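Where a number appears in this text, it was derived from the coordinates with a stated rule and is not lab data. This is a predicted model, so every value here is computed, not measured. Every residue, glycine as well, gets a Cβ built from its backbone with ideal geometry; the counts of neighbours run over all protein chains shown.
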Amino acid sequence: MLRFLLSRLLLVLPTFFGITVLAFLFIRMLPGDPVLLMAGERSLSPERHAELLERFGFDKPLWQQYAIYIHGLLQGDLGISINTKRPVLSEFLTLFPATVELSLCAILFAMVLGVPAGMLAAVKRGTVLDHGVMGVALVGYSMPIFWWGLLLIILFSGVLQWTPVSGRVSLVYFFPSVTGFMLIDSLISGQKGAFASTVSHLVLPTIVLGTIPLAVIARQTRSAMLEVLGEDYIRAARAKGLSVVRVVGLHAFRNALIPVITTIGLQVGTLLAGAILTETIFSWPGIGKWMVDSIFRRDYPAVQGGLLLIAVVIMIVNLIVDLLYGLINPRIRHTS
Amino acid sequence: MTEQVEHASMKSGGMPVPPGPLVEFWRQYRQNPGAVIGLGIFILVVIIALLADVLAPFAPNDQFRDALLKPPVWQDGADPRFLLGTDAVGRDMLSRLIHGSRYSLFIGCIVVGLSLFMGIAIGLVAGYLRGTVDTLIMRLMDILLAFPSLLLALVLVAILGPSLTNAMIAIAIVQQPHYVRLTRAAVIGEMSKDYVTASRVAGAGPLRLMALTVLPNCLAPLNVQATLSFSTAILDAAALGFLGMGAQPPTPEWGTMLAEAREFILRAWWVVTMPGLAILVTVLAINLMGDGLRDALDPKLKRS
């Protein structure tokens with residue numbers, strides 16, 4: 001197992017190195033003088049310009065700049081955000097829990113609906129139910145989620161007035177951030193109505209962000225189940241006289257689970273890309289909205305740091321999924 | 001029937017297909033009613049895009065100052081001139097939607113064309129040469145795939161400057177790793193076959209081997225990917241337009257129209273609903289076709 005773990009880690013290292021190069025080159029690829037870009041509208045005296053060039057190290061050769069960049073990275077220094085004057089890393093860590101909370105809710109929503117829907121479609125293959133579920137899944141898969149979010153706002157916030165339009169919790173409530181997850185923090189605070197307010201803010205973004213994963217999971221579960229249901233051991237289980245629930249729920253579902261888990265793991269990228277749009281629509285204070293805002297504010301250190309951190313998060317999650325997969329399925333562990 | 005068969009042959013990569021397999025393919029494709037509907041809608045969108053100037057009642061940027069935010073004709077207070085209502089500066093929604101179809105199809109074609117071309121070229125080189133070049137290329141592709149595609153496209157547009165052209169380039173760059181992987185895998189599979197060895201022994205140079213001997217046999221898996229990424233391209237371009245990083249106003253691109261309509265979301269539902277519906281229907285039609293293609297070309301491939 002240790003050898004398996006090490007081999008996977010070794011595979012990840014070059015990718016990490018490449019990500020740092022790409023993030024490093026990002027600021028240098030921007031057309032124009034980096035210092036002038038950061039200065040924005042303000043005018044700079046030539047002395048100040050030279051001083052800033054030296055301070056940020058832009059006067060040194062590229063490889064030296066990269067070495068300095070990596071040196072800083074290893075000490076957790078990702079630069080200072082131009083907009084807030086705070087370190088990019090702490091900025092990211094403040095906003096990250098909001099994105100994680102939303103993403104976890106979304107993937108949970110997608111799994112809870114998607115897996116049973118896919119199983120049902122597979123068991124009732126070829127029926128109206130199957131076509132219906134798969135039709136809905138394809139619509140979900142084709143959905144421009146930024147539009148889907150706006151539609152839900154029109155219906156639930158506009159016409160029905162059930163849910164708020166934006167933010168994480170009503171401004172009436174204030175409680176300290178303990179875990180960073182509003183659902184937990186609002187419960188801990190014990191304030192009446194705070195938890196309900198958090199939930200009502202979370203519902204629409206969760207549905208919007210969960211829609212595409214839901215469609216993918218439903219489709220994948222169906223095809224995995226169909227494959228397993230054709231196997232001999234299922235026929236044997238049926239022939240023994242076991243109930244349908246037992247055959248489908250235990251024998252088939254367990255074996256169909258592996259591809260489904262992989263699919264769920266692969267949704268991390270989809271979730272983070274979706275978070276960019278979902279958070280923008282619902283003014284959700286997470287890293288997706290932060291990235292978009294930083295791009296518009298030309299806060300390039302923030303964009304650079306965010307790019308790197310998001311890629312690293314995805315890499316780590318993929319690594320974990322990979323390792324879990326090896327844990328569940330020994331064949332993979334031993335062949336590699 | 002014959003006309004539809006011709007369309008089906010176009011879908012399989014524009015290669016000359018002998019009538020036998022073509023009819024065979026169409027029979028397979030026809031099995032999937034969803035795919036046939038998708039094809040029908042797609043043809044309709046293509047016709048609308050081609051005849052946009054004839055079909056649209058007004059020019060996409062004509063402003064009618066006397067008719068701002070008029071609802072569609074079936075609602076109270078509508079202006080009968082504007083079938084689907086007008087937007088905040090008095091432009092006819094229907095005309096803008098009709099012209100928008102041109103942009104979506106154009107974006108899809110350019111992005112798929114660019115990423116297909118880049119992806120095939122790079123994948124062919126990687127699969128043919130193997131060794132260090134292959135490792136380097138594939139590592140680079142892994143790195144590109146490590147980022148969420150929309151985020152990478154967004155950052156690329158930030159570097160290049162927001163415009164429709166740059167958005168298309170960015171999306172093409174983000175999508176080409178998929179083609180590189182598919183092409184490389186197919187090339188490696190083909191390289192060990194006897195006909196390649198025979199051609200090599202007969203004295204074919206590397207370019208001839210790559211482009212004329214191996215490549216034509218590697219195109220099958222690319223068909224499905226091309227169809228699927230056509231719809232992804234439309235979605236991503238609309239998302240970039242929605243974020244203000246794609247086509248710029250007053251271009252009647254559907255995503256950009258949505259961005260402009262956002263502030264009227266609770267006052268005028270039609271300016272928000274219509275462009276999104278257009279995106280959804282187009283993308284859905286293409287995805288239906290993609291599913292049908294996959295089932296028809298290779299029934300063993302699973303739906304994922």
Chain B: calculated mean residue ellipticity at 222 nm from DSSP helix runs of at least 4, using -39500 (n - 2.57): -22500 deg cm²/dmol
Scalar couplings 3J(HN,Hα) for the range A:102-116 by Karplus 6.51 cos²θ - 1.76 cosθ + 1.60 (θ = phi - 60°), nearest whole Hz, x for Gly and Pro, are 4, 5, 4, 4, 5, 6, 5, 4, 5, 6, 4, 8, x, 5, x
Work out, step by step, the length gained on full extension between B:Ser192 and B:Phe64: first 0.36 nm times the residue separation, then minus their alpha carbon distance; give nm to one decimal. 39.5 nm
Evaluate peptide A:143-156: per residue, the Cβ atoms of other protein chains within 10 Å of its Cβ; return the mean as an integer. 6
Theoretical ellipticity at 222 nm over chain A - DSSP helices of four or more residues, -39500 (n - 2.57) apiece, nearest 500: -24000 deg cm²/dmol
Taking 60 Å as R0, compute the FRET efficiency from the Cβ-Cβ separation of A:Arg246 and B:Thr135 and round it to 0.05. 0.75
Tell me, what HN-Hα J-couplings in whole Hz come from the Karplus equation 6.51 cos²θ - 1.76 cosθ + 1.60 at θ = phi - 60° for each residue of the range B:104-115, using x for Gly and Pro? 4, 5, 4, 4, x, 4, 5, 5, 5, x, 4, 6
Kirkwood-based Rg over Rh for chain B (C-alpha set), two decimals? 1.05
Looking at the protein assembly as shown, how many pairs of lysines come closer than 27 Å at the Cα, when each pair is eight or more places apart or spans two chains? 9
Largest-first semi-axes in Å of the equivalent ellipsoid built from the Cα gyration tensor of the range B:168-274 are 46, 12, 9
Quick one: grab the alpha carbon gyration tensor of the protein assembly as shown, order the square roots of its eigenvalues as a ≥ b ≥ c, and give me rounded if a/c is under 1.5, else prolate or oblate depending on whether a/b is larger than b/c. rounded
Amide H to amide H, which residues 5 or more places from B:Ala268 or on other chains are under 5 Å from it, using H placed in the peptide plane? none
Charges only on Cβ, +1 for Lys and Arg, -1 for Asp and Glu: so what's the dipole of the range B:73-232 about the Cα centre, in debye to the nearest 20? 480
Alpha-carbon spread of chain A, three principal axes, descending order, Å: 87, 56, 38
Could you work out the Kirkwood radius for the range A:120-268, taking every pair of different alpha carbons, averaging 1/r and inverting it, reported in Å? 18.4
How large is Rg over Rh for the range B:61-208, taking Rg from the Cα atoms and Rh as the Kirkwood inverse mean of 1/r across Cα pairs? 1.26
When A:Thr206, A:Thr94, B:Thr251 are ranked with the fewest other C-beta atoms within 10 Å first, the list becomes A:Thr94, B:Thr251, A:Thr206
Report the one residue of A:Leu155, B:Gly77, B:Thr232 whose Cα lies farthest in the direction of the positive end of the charge dipole of the protein assembly as shown (charges on C-beta: Lys and Arg +1, Asp and Glu -1; origin at the Cα centre). B:Thr232
Classify the range A:281-329 as rounded, prolate or oblate, taking a ≥ b ≥ c as the square roots of the eigenvalues of its Cα gyration tensor: rounded when a/c is under 1.5, otherwise prolate if a/b is larger than b/c and oblate if not. oblate
For residues of B:237-250, the mean tally of beta carbons on other chains within 10 Å: 2
Hey, in the GNM for chain B with a 10 angstrom Cα cutoff, which one of B:Leu240, B:Leu280, B:Leu207 fluctuates hardest? B:Leu207
The helix B:269-297 Cα axis meets the longest alpha-carbon principal axis of chain B at an angle in degrees, between 0 and 90 and rounded to 10, of 20
Spelling it out for A:Ile80: with amide H atoms placed in the peptide plane at 1.01 Å from N, the residues 5 or more places away or on another chain with amide H under 5 Å from its amide H are A:Val88
B:Phe117 to B:Arg30: extension gain in nm, 0.36 nm per residue of separation minus the Cα-Cα distance? 28.3 nm
Mean-square fluctuation maximum in Gaussian network of chain B, Cα pairs under 10 Å, restricted to B:Thr227, B:Thr132, B:Thr86, hits B:Thr132
Got a sec? How would A:His71, B:His178, A:His49, A:His251 order by Cβ neighbour count within 10 Å, fewest to most? A:His71, A:His49, A:His251, B:His178
Taking the Cα centre of the protein assembly as shown as origin, sum charge times position over the Cβ atoms of Lys and Arg (+1) and Asp and Glu (-1), and report the length of that vector in debye to the nearest 20. 1720
If R0 = 30 Å, then A:Val321 and A:Thr94, at their Cβ-Cβ distance, give a FRET efficiency to the nearest 0.05 of 0.70
Relative contact order as a percentage, the range B:179-259, C-alpha pairs under 8 Å and 6+ apart, gives 22
